[in-house]
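> Quick one: the structure is below, and I'll ask about it shortly.
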Amino acid sequence: MVLIAVFLIVLLISLFYHMWSEREMYKLSWQMPGPLMVPLVGNIYKLIGKSCEDFMSGMPAVAGKYRSPFRFWVGTKLYIVVTQPQDMRTVLNASECLERCSVYQFIPPVLGDGLLTMPVHDWKRHRKFMNASFSITILQNFCPIFNDSSKMLVKRVRKYTDEKNFQPVDFYKFMEAFTLDTVCQTTMGSRMNIQDGYNMDYLSGANNLMICMARRLLNPFYHLDFIYKRSSLYKLQQRAKQDVLGFVNKVVERKRSEYCGEKSGHVGDRSPQVHIDQLLALADRASFTAQDVTTEAGTLILTGFESTALSVSYCILMIAMHPQVQTKLHDEIMSVLGDDAAENVKYEQVCELRYMEQVIKETLRLFPIAPLVARSVSAPFKLNDYMIPAGVNVVLAFMLMHRDKSLWGADAHTFDPEHFAKERMTTVHPYAYLPFSGGPRNCIGIKYAHLLMKIALVHLVKHFEFNTDLKLQDLTHRYEVTLKLVNKHMVRVRPRQLSNIQGH
């Protein structure tokens, strides 16, 4: 009994000390709406036993009960959730909210501290150096590579339709190899021949890493290294990490050898200066370390290939569900390409594809690849009617905002590219649509992703017709840091008649 009494006294003292030291957070918490909080436990009870699918399906129900911003406690950590554009604008542009949330500590053991996760003082320096790698001039130089990769993609899809007689296929399987190949060749200057079946270990490793990250994020017990490192999930992460880093090191070392040869005067065939060239040049001037080069390369490969693969896969699924949209999109493509229908897509032609832009934006409105991001508050700042103290984490729930009927109308949950018609966008808040985040710490590869998506879609829609048995209302998702589709991107693919391609 004495031991129990001592334990309870120590527990109470610890509780009071914690609440006193974090009194500003608790004061804010009492003012702000949110679910019932248990001291020291918070709202963990809402996460325990929940799968990545349960988390995504339950998120709208929780958010629907409270106005933005609202609070959510994970143990003794306070998270403020925002779902409205005016709050998004405040957070994304506040200098006090540029730090990544503490939960991103679960990513560095895999990729290191890259642009995605590094502290603000390092991020500003890296971002300034790396912006030049994504200039319009460099992107225009990538168009031939984008076209060649897309033609290879068309060949792979056509071969499948010949062999499988129009059976449904998960289109993401085509897209992940296509985008990984393309990202490596453009940003890393290396041909890895993924679409030919080489270096496939990276894809399974990358997918497993995303699973590990998401499950750890959603399981509060796995936040403790002592528990996580004794789990089967940690063993999976280590195997996946080995596959991913082995691939990244191979890409970087291959390019480093070429770079050193070029410095010695042995210049062979090479692509225009790309991202890896910039990184190696920075390392040569001691602006970056060798580890910085590997880390940034790994971050770009992982985030670049998967986000673009998912985006195009969702686009294909949406046009497969909506034949009238597919017809209008095909007509626009043939109208813009004209006599060049059988040739490469030019940058200037891509800029004319206005309806395709609407289709892509509407797809990413419904299916933002990163449905949530989080920031850490480094100094007190004002959000709406609340003063947010340092140490609080802010969650930006993009997917909830993108489907908010008060922002997008009664048809917010339906797919309609006219949501992005020029006349309708004049009434939409500029921060109501954030598929690539926003503010100074937004995605560095926005223009790259859009250009690659458009060229890939031109080639795919030009050569194939898509349909599916899936219905929009039946789609379910799971959280794997990115937005994964439980139903998979199951579509039927039929080659278009040659006359349909050349007859416009």
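The values are calculated or read from the model by the stated rules, or taken from the named source; none is laboratory data. On a predicted model such as this, the values are computed, not experimentally measured, just so you know. In this analysis, Cβ positions are derived from the backbone assuming ideal geometry, glycine residues included, and neighbour counts consider all displayed protein chains. We work out accessible area using only protein heavy atoms, side chains counted, and drop any ligands, DNA or RNA first. Shrake-Rupley method; radii C 1.70, N 1.55, O 1.52, S 1.80 Å.
> Considering only protein heavy atoms and a probe of 1.4 Å, how much of the accessible area of region 12-81 is carbon and sulfur, as a whole percent?
Whole-percent figure for carbon plus sulfur exposure: 63.
> Could you state the angle between the C-alpha long axis of helix 354-366 and the longest principal axis of the C-alpha atoms of the chain, as a value from 0 to 90 degrees rounded to the nearest 10?
Tilt of helix 354-366: around 30 degrees.
> Tell me the angle of helix 136-164 to the major Cα principal axis of the chain, expressed in degrees between 0 and 90 and rounded to the nearest ten.
With both axes taken from Cα atoms, the answer is about 80 degrees.
> How many percent of all Cα-Cα pairs in region 82-220 sit more than 19 Å apart?
69 percent
> Report the accessible area of C260, computed with a 1.4 Å probe over the heavy atoms of all protein chains in place, in Å² rounded to the nearest 10.
Around 70 Å² of this residue is reachable by solvent.
> Next question, about the same structure. Helix 323-337: angle to the longest alpha-carbon principal axis of the chain, degrees 0 to 90, nearest 10?
Compared with the principal axis, the helix lies near 50 degrees.
> Also, quick follow-up: Given the protein chains as shown and a 1.4 Å probe, how many square angstrom of R23 are accessible, to the nearest 10?
Its accessible surface works out to 110 Å², give or take rounding.
> Largest first, how would I136, I145 line up by accessible area (1.4 Å probe)?
Of I136, I145, the descending order of accessible area is I136, I145.
> How many percent of the accessible area of region 358-504 is carbon or sulfur, using a 1.4 Å probe?
Details: 2990 of 5670 Å².
Answer for region 358-504: carbon and sulfur cover 53 percent of the accessible area.
> With all protein chains present, calculate the accessible area of L8 using a 1.4 Å probe and round the result to the nearest 10 Å².
90 Å²
> Report the local net charge at F129: Lys and Arg +1, Asp and Glu -1, summed over other residues whose C-beta lies under 13 Å from its C-beta.
0
> Now a separate question. Pop out the ³J(HN,Hα) list for region 201-218 in order, Karplus 6.51 cos²θ - 1.76 cosθ + 1.60 with θ = phi - 60°, rounded to Hz; leave Gly and Pro as x.
For region 201-218, the Karplus curve yields 4, 4, 4, 5, x, 5, 5, 5, 4, 5, 4, 5, 4, 5, 5, 5, 4, 8 Hz.
> Give me, ordered by chain and number, the residues 5 or more places off K484 or on other chains with an amide H under 5 Å from its own placed amide H.
So K484 has HN proximity to R478.
> Can you spot the aspartates and glutamates whose alpha carbon is less than 14 Å from K77's alpha carbon? Ignore those fewer than 8 places along the same chain.
E22, E24
> Turning to a different aspect of this structure: Kirkwood hydrodynamic radius, region 137-191, all distinct C-alpha pairs: what's the number in Å?
By the Kirkwood definition, the hydrodynamic radius is 12.2 Å.
> Could you tell me the convex hull volume per residue, in Å³, taken over the Cα atoms of the chain?
So the per-residue Cα hull volume is 165 Å³.
> On a full-extension model of 0.36 nm per residue, what is the gain between S102 and E24, subtracting their alpha-carbon distance, rounded to one decimal in nm?
Extending this stretch completely gives an extra 26.2 nm.
> In addition: Taking the mean number of other Cβ atoms within 10 Å as a proxy for protection, how do you rank 476-484, 235-243, 355-363 from highest to lowest?
Answer by packing, highest mean first, reads 355-363, 476-484, 235-243.
> Given Cα positions, please report Rg to Rh for region 352-504, the hydrodynamic radius being the Kirkwood one.
Radius of gyration relative to Kirkwood radius: 1.03.
> Which residues' amide hydrogens lie under 5 Å from the amide hydrogen of V394, considering only partners 5 or more residues apart or on another chain, with H built in the peptide plane?
Residues meeting the amide H criterion: I80, R375, S376, V377.
> Next question. Once phi is turned into ³J(HN,Hα) by the Karplus curve 6.51 cos²θ - 1.76 cosθ + 1.60 with θ = phi - 60°, what whole-Hz value does each residue of region 402-412 show in order, with x for glycine and proline?
5, 10, 7, 5, 5, 9, 10, x, 4, 9, 4
> Determine the order of S335, S102 by accessible area, beginning with the largest, at a probe radius of 1.4 Å.
Output order, biggest surface exposure first: S335, S102.
> Taking a temperature of 37 °C and a viscosity of 0.692 mPa s, what whole-number D in µm²/s does Stokes-Einstein yield for region 41-142 with Rh from Kirkwood over alpha carbon pairs?
On the way: Rh = 16.8 Å.
The Stokes-Einstein estimate is 195 µm²/s.
> Out of the DSSP beta bridges found with both residues in the chain, what percent are antiparallel (nearest 5)? Kindly include the intermediate steps, with their values, before the conclusion.
Details: 27 of 32 bridges.
Within the chain, antiparallel bridges account for around 85 percent of the total.
> S51 to I13: extension gain in nm, 0.36 nm per residue of separation minus the Cα-Cα distance? Numbers along the way, then the final one.
Working: separation 38, 0.36 × 38 = 13.68 nm, distance 3.49 nm.
Result for the pair: 10.2 nm of gain on full extension.
> Using the structure shown, select from K151/K173; K361/K447; K46/K361; K50/K361; K155/K484 the pairs with a Cα to Cα distance greater than 24 angstrom.
Too far apart for the 24 Å limit: K46/K361; K50/K361; K155/K484.
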